[in-house]
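So the structure is just underneath, and the comments pick up after that.
The values are calculated or read from the model by the stated rules, or taken from the named source; none is laboratory data. Small disclaimer: the values here were computed from a predicted structure and weren't measured. Using ideal geometry, Cβ is built from the backbone for each residue, glycine included, and neighbour counts are taken over all protein chains shown. Just so you know, the surface numbers come from the protein's heavy atoms only, side chains and all, with ligands and any DNA or RNA stripped out. Shrake-Rupley method; radii C 1.70, N 1.55, O 1.52, S 1.80 Å.
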Amino acid sequence: METVDVKEIRKKLEKDLDHKRFEHTLGVSYTACALAMCHQADIDKARIAGLLHDCAKCMDNEKKIAICKKQNIEINNIEKQNPFLLHAKVGCYIARKQFHIHDTDILNAVLNHTTGRPGMSLLEKIIYIADYIEPGRKHAPNLNEVRRLAFKDLDEALIKILQDTLLYLRNIDSPVDPATQQTYDYYINRNHTHKEQEI
């Protein structure tokens, strides 16, 4: 992996993000490092991906849309209706362009941290899960159970998060990104320790 100045990344993010989002970012990076230690993943990559996962979160929606149009980044129907969801795609672009990250695994971890994807890498799973369980999170469903699972079995933790996310979105009548459903279906079918269940 190329040499990355973590202090510079932190300094820039502290300027670009509001206080609450910056604190969340530090929490995700910290949690990602802990998960990386537990599951024998690259700690440096986990730290950087954790720091950068929400780098576009505080950008206004018009700017996110403009970047997507200019860079030919696809916007699906759900993202058109909810442009705040574009922060992962735009974040991946910013990580590459502004922070000079060229490691594909880090970029994919940023890109897929909101919906997941079928066949995620170890790092992608770690960032997706760390985003959900970092210490500042208080209100996500079944947090204690997911936190316990995360340090035991990443796939089980992933399935539980996806399941709870899909249930929550349907309960509040919010649109579901097809990628989230596809990711859930992939892991529930692949994981033999879980009985198949419909949400």
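Look at residue 82 and say whether it is surrounded by fewer than 17 Cβ atoms within 10 Å (Cβ to Cβ), free of Cβ contacts under 8 Å to residues at least 60 places away in the same chain and farther than 21 Å from residue 126 by Cα. Reasoning before the result, please.
Details: surrounded by fewer than 17 Cβ atoms within 10 Å (Cβ to Cβ): yes; free of Cβ contacts under 8 Å to residues at least 60 places away in the same chain: no; farther than 21 Å from residue 126 by Cα: yes.
When the stated conditions are applied, residue 82 does not pass them.
Under the condition of being farther than 23 Å from residue 22 by Cα, of a type outside the set (D, E, K, R) and part of a helix (DSSP H, G or I), the residues counted in the range 57-81 number 5.
Which residue pairs have Cβ atoms under 6 Å apart, sit 6 or more places apart or on different chains, and have a first residue in the range 1-26 that is on the phi < 0 side of the Ramachandran plot and a second that is modelled with pLDDT of 95 or more and among the basic types (Lys, Arg)? So the pair list comes out as 21/57.
Screening residue 94 with (1) farther than 25 Å from residue 191 by Cβ; (2) hydrophobic (A, V, I, L, M, F, W, C); (3) open to solvent by less than 20 Å² (accessible area, probe 1.4 Å); (4) touching a helix residue (DSSP H, G or I) at 6+ places or on another chain (Cβ under 6 Å) gives one miss only, at (4). Scanning the range 23-58 for residues that are open to solvent by less than 30 Å² (accessible area, probe 1.4 Å) and of a type in the set (Lys, Arg) returns no hits.
Per this entry, residue 175 is not counted among residues that are open to solvent by 20 Å² or more (accessible area, probe 1.4 Å), assigned to a loop (DSSP other than H, G, I, E, B) and touching an Asp or Glu at 6+ places or on another chain (Cβ under 6 Å). The residues listed here are 20, 12, 63; of these, the one that is open to solvent by 100 Å² or more (accessible area, probe 1.4 Å) and more than 18 Å from the chain's Cα centre (by Cα) is 63. Looking across the range 132-147, the residues that are under 18 Å from residue 167 (Cα atoms) and surrounded by 13 or more Cβ atoms within 10 Å (Cβ to Cβ) come down to 132, 133, 140, 141, 142, 143, 145, 146.
Filtered by the rule that a residue be open to solvent by less than 80 Å² (accessible area, probe 1.4 Å) and either in contact with a His (Cβ under 8 Å, 6 or more places away or on another chain) or not hydrophobic (A, V, I, L, M, F, W, C) (or both), the range 150-172 gives 153, 154, 155, 156, 159, 160, 163, 164, 165.
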